[in-house]
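None of the figures in this text is laboratory data; all of them are computed from the coordinates on show. In this text the structure is predicted, and so the values were computed from the model without any measurement. Positions of Cβ are generated from backbone atoms using ideal geometry, with glycine treated the same way; all protein chains shown enter the neighbour counts.
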Amino acid sequence: MFWFKQLKKIYVDRQVKNSALVKKILDHLPNLPVRIVSSLEEIQDELRLAPDPVSESKRMLFLTREKYFIRPCPCTPGCVSCDYWTLDLNLNCPLDCSYCILQAYFNHQPLTIAVNQEEIKKELEVFFSRQNKSVIRLGTGELGDSLALDSLTGQAVFLAGLLKGRKRSFLELKTKTAYVEPLIEISPSENLVLSWSLNTKRIINSEEAGSASLEERLATAARAAKYGYKVGFHFDPIIYYSTWEKDYEEVIEELFKQVPVEAIAWVSLGTLRFPAKLKEIARARFPHSLIYEAEFIQSWDGKFRYPRPVRVKVYKRIKEIFETHNSGDRLYLCMESSEVWRDFKGQNKKGKPEASPFPWLI
Amino acid sequence: MELRRINLGDIKLENRRYKFTLDEPSRKLLTSIRESGITEPVKVKTEEGGYILASGWKRVAAALAAGLKEIPAQIFPGGLTDLNIFKLVFFENYPQEDFSLAEKALIIKKFLEFGLKSEKLIREFLPGLELPPERQTIDVLNRLSDLDWALPEVHRGRWKLATARLFLAFPPEGQRLIINLAGAFNHNQQAEFIDLLFTLQQRQEKEITAILAEREIEPLVQEIRGKKPQAGDRLMTVLRERVNPLVNQINREIRQKIKQIDLPEKCCLSYDKSLEKTFVSLNLMAGTEEELVAAVSHLSNSLKTDQWSSLFRLLGK
Ligand code: SF4
């Protein structure tokens, strides 16, 4: 994989130096210098000295253990939450998207893999025993791409095994890669949703460094669907620029040429949003990117967003295109206010918002 | 340290090796020194038959203004390195001063010039200066400190690190222009001014010299140069409209609509100018029941016109 080449060093947490997964990963990357460390701070001290700590953090691999893996997705205050749980086995991501919130979220965090994945079993048992919702959605793609490190860790197959048989509990693996090989070798679980973040070719080329092309993503999604997996798509962040309408339409048309509607579990839509801190970092790291120079308002949660009329226009148009493929019911909005949801979903005859805005509840 | 009275004329003020503070002496200090001289000795180092001032720049400026000939000074013993002296001067000021970013930039530059390793600076000094302890901070502030012509404005405007970082992304000519105009804006406006210019520069793929020479903008730039009152505010309004045309346009229409609504006296209508929320809020003041009844009936009469519905249409646009 491309990003192996950019790795400069491996750090192994003293506590896990004898772990089988550590050995497997080190065997996989035999030519890299390895340093045993006692704490994350030792690596952070090095990262602080780098001219661009975010880029440097993507070149340092840290093998360690985590205490907890499952957390409720923080969403954002004041937004309609979609009740998602995150399962974080890795922190940080080898890809380098100009809009990635992790640039501002992490404070000198190397590419981190929790090698004590066996311990997640117990946590999952407790987690499921406490859930009373009819549908539970968990995903690993919150703090990094779900599959970018998979050829090293084998997490996807491992997690698929843990979720097997748990009907109505969906595990989502979210990616911008085209790497699903190990999952195509096992029998597909019906509660494993493989998801791709999609964007226009122009945005993929200019803003998503290291990711697979649109063609590769869609071809891989089609392959996964054909193999029997449910697939999901995330149009997030949608970028508003002069030819957005034509370009996103092209992506959606391409998507439906390759993937049957029946295989699609859900599709999320979310326009670009970011805190001020991210704009500061990304403007310096991506001086040619124009995505931070559009018209924004600072919204209720302090984040910058396109003005509501723009967001509503974009969502409605994308919904129209999906409706021409009889798949409007797969759509939901990510991190949006109730005002925007109302405009997006419309009103039912009694003037109440439509019930069950989330496709997995239908 | 030896305490001595020294001739003000023996201080080589052009040697600013240890100077990192940018404030001028306050009026109170000027008065106090004029009335009773310097009570707290300044600190100097002897060099080539004269003195190099290490700390006490404001006191010396005030003494010069008061026409004093002699002042008390503590003389650093020979053998102290520049780094030793600068550390002493820095820590003397550290507890009392809330350093501006421009001063912090000078502190960093001088520490590096005097041979402090950047690793040590990052670990031991940046946290105390309330700056992110990383090399990037040093890089930004070191570059900023090279622009000594910009530092007084950076100091006056109490810039934040993010503003300095963005400012440094402009070409030199743009930086000069920004500093020339910055005096027309208050602290918060300066950061916004730079941000707006950056956006326009990127969006229009034009240098800011060209943007500021545009027909609508150039007269305002001239007004600022001519020190016309409120010229900065007017330029800011135009730049905001350029960067946020849609929100500004809708807000203008809403304001117009609100003016047309016949509201009761002592009733004030507000709404979310970011346009995220689609409701209005009414603040109605009444001192008696009769006043309240009159205001409500006034309001319900005004509801019979279609001005309200067009206002809500605009808000929900
Ligand atoms: S793939 Fe996701 S996590 Fe990785 S850099 Fe891009 S946005 Fe960030």
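Counting only DSSP beta bridges whose two residues both lie in the stretch B:1-97, roughly 75 percent are antiparallel. Each principal axis of the Cα cloud of the stretch B:263-315 was evaluated for its coordinate range; sorted largest first, these ranges are 35, 21, 12 Å.
Dipole check for the stretch A:96-184: with +1 at the C-beta of Lys and Arg, -1 at the C-beta of Asp and Glu, and the Cα centre as origin, the magnitude is about 600 Debye.
With pairing defined as another cysteine C-beta under 4.7 Å, the cysteines of the protein assembly as shown that fail it are A:C73, A:C75, A:C79, A:C82, A:C93, A:C334, B:C267, B:C268.
Rounded to the nearest 20 debye, the dipole size of the protein assembly as shown about its Cα centre is 460 debye, using +1 on the Cβ of Lys and Arg and -1 on the Cβ of Asp and Glu. Of all DSSP-defined beta bridges confined to the protein assembly as shown, some 40% are antiparallel rather than parallel. Looking at chain A only, what percent of DSSP beta bridges run antiparallel? Nearest 5 please. That works out to approximately 25 percent antiparallel. Is the stretch A:87-164 best put as rounded, prolate or oblate by its Cα gyration tensor, with a ≥ b ≥ c the root eigenvalues, rounded for a/c under 1.5, and otherwise prolate when a/b is larger than b/c, oblate when not? Taking the square roots of the gyration eigenvalues as a ≥ b ≥ c, the stretch A:87-164 is prolate.
Cβ crowding within 10 Å ranks B:H187, A:H288 as A:H288, B:H187, fewest other Cβ atoms first. Couplings 3J(HN,Hα) of the stretch A:4-13, computed from phi: 4, 5, 7, 5, 10, 7, 10, 10, 10, 5 Hz, in residue order, whole Hz [Karplus 6.51 cos²θ - 1.76 cosθ + 1.60, θ = phi - 60°; x for Gly and Pro]. If you model the stretch B:210-303 as an ellipsoid using its alpha carbon gyration tensor, with each semi-axis the square root of five times an eigenvalue, the axes come out at 39, 16, 10 Å, biggest first.
Rounded if a/c is under 1.5, else prolate if a/b is larger than b/c, else oblate: which is the stretch B:36-140, with a ≥ b ≥ c the root eigenvalues of its Cα gyration tensor? It comes out prolate by the Cα gyration axes. Straight Cα distances below 18 angstrom link A:K9 to the lysines A:K17, A:K23, A:K24, A:K58, with same-chain residues fewer than 8 positions distant left out. Structural descriptor for the stretch B:263-315: relative contact order 35 percent, calculated from alpha carbon pairs under 8 angstrom and at least 6 residues apart. Charging the Cβ of each Asp and Glu at -1 and of each Lys and Arg at +1, and nothing else, the dipole of the stretch B:1-97 about its Cα centre rounds to 160 debye. Calculated on the Cα set of the stretch A:224-303, radius of gyration then Dmax: 16.3, 44 Å. Between the beta carbons of B:R176 and B:S118, assuming R0 = 41 Å, the FRET efficiency works out to 0.90 to the nearest 0.05. With the simple spin-label model, which puts each label point 7 Å out from Cα in the Cβ direction, the B:E205 to B:R234 separation comes to 3.3 nm. Translational diffusion coefficient, Stokes-Einstein: compute it for the stretch A:1-145 using the Kirkwood radius over C-alpha pairs as Rh, at 20 °C and 1.002 mPa s, and state it as an integer in µm² s⁻¹. For these conditions, the coefficient is 129 µm²/s. Counting beta carbons within 10 Å around each of B:T39, A:T64, A:T86, A:T324 and listing the fewest first gives the order B:T39, A:T324, A:T86, A:T64. When chain A is treated as a GNM with alpha-carbon contacts under 10 Å, the residue of A:N116, A:N18, A:N205 showing the greatest mean-square fluctuation is A:N18. From helices alone, chain B scores -15500 deg cm²/dmol at 222 nm; the rule is -39500 (n - 2.57) for each run of n ≥ 4 DSSP H residues, then divide by the residue total.
Taking only the alpha carbons of the stretch B:98-147, we obtain Rg and Dmax values of 9.5, 25 Å in that order.
Pairs of alpha carbons in the stretch A:5-44 separated by more than 11 Å make up 64% of all such pairs.
Only aspartates and glutamates eight or more places from B:K227 in sequence, or on another chain, were considered; those with a Cα closer than 19 Å are B:E153, B:E216, B:E218. Counting only Cα atoms, the stretch A:213-358 measures 45, 43, 24 Å along its principal axes, largest extent leading. Its residues counted as N, chain A yields a C-alpha radius of gyration over 2.2 N^0.38 Å of 0.98.
Mean silhouette area of the stretch B:1-97, derived from the convex hull of its C-alpha atoms and averaged over all directions, reads 6.0 nm². Label point of A:K24 set 7 angstrom out along Cα-Cβ; within the stretch A:94-134, amide nitrogens under 13 Å from it belong to A:114-119. Any of A:K201/A:K257; A:K246/A:K316; A:K8/A:K277; A:K277/A:K313; A:K122/A:K230; A:K174/B:K317 with alpha carbons more than 22 Å apart? Name them for me. Result: A:K8/A:K277; A:K277/A:K313; A:K122/A:K230; A:K174/B:K317 exceed 22 Å.
Based on alpha carbons, the Rg and Dmax found for chain B are 28.0, 90 Å.
Here's the picture: charge each Lys and Arg Cβ at +1 and each Asp and Glu Cβ at -1 in the protein assembly as shown, and of B:V296, A:I297, B:G232 the one pushed furthest to the positive end of that dipole is B:V296. Sorting B:K104, A:K176 by the number of Cβ atoms found within 10 Å of their own Cβ, with the fewest placed first, yields B:K104, A:K176.
For the stretch A:24-90, the normalised intensity computed at q = 0.13, 0.17 Å⁻¹ comes to -0.60, -0.86 (log10 of I(q)/I(0), Debye sum over alpha carbons, equal scatterers, no solvent).
Near A:R330, once Lys and Arg are set to +1 and Asp and Glu to -1 for all other residues with Cβ below 12 Å from its Cβ, the sum equals -1. For the protein assembly as shown, the Kirkwood estimate of the hydrodynamic radius, built from every pair of different alpha carbons, is 29.6 Å. Taking 7 Å steps out from each Cα toward its Cβ at A:N31 and A:K17 produces label points 2.6 nm apart.
Over the Cα atoms of the stretch A:169-255, the radius of gyration divided by the Kirkwood radius equals 1.00; this is the Rg/Rh ratio.
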